[in-house]
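For reference, the structure discussed in these notes is given below.
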């Protein structure tokens, strides 16, 4: 069962960025947090791009659900990207992309 991201992000935004709660874009995206990719995109929208040092440390803690993995693999095939290019775009290891391809595209 997935956490209630809407409630979590509503609390964070209300506490740290109350002015952002007035934005209709934020409110619409808040209602559409269903996959890990949605959460990552929303996180960047709220907090901005993380700095390199923070990114490399937090990358180990990410997990992806099946719809998110399939969306990433679909993006790769539509844009005819290599595992390295896809990994760089989504900030994922190229080895992770290769492992997902063997698990989900076989």
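Taken together, the values in this text are just the output of simple stated rules run on the coordinates, not laboratory data. Remember, predicted model here, so these are calculated numbers, not experimental data. Quick reminder, even Gly has a Cβ in these numbers, built from the backbone with ideal geometry, and neighbours come from all protein chains shown.
What the table shows:
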read-out	value
Distance in nm between pseudo-label sites at residue 82 and residue 98 (7 Å out along the Cβ direction from Cα)	1.2
Residues residue 11 and residue 105, FRET efficiency given R0 of 35 Å [Cβ-Cβ distance, rounded to 0.05]	0.40
Angle in degrees between helix 5-16 and the longest Cα principal axis of the chain, rounded to the nearest 10	50
Computed lengthening from residue 32 to residue 20, 0.36 nm per intervening residue step minus Cα-Cα distance	2.7 nm
Value in Å of the Kirkwood radius, where the chain supplies the Cα pairs that are averaged	15.2
Inter-label distance for residue 74 and residue 4, nm, one decimal - labels placed 7 Å from Cα along Cα-to-Cβ	2.9
Cα-based helix-to-principal-axis angle, 36-47 vs the chain, degrees rounded to 10	50
C-alpha long axis of helix 94-104 to longest principal axis of the chain, angle in °	80
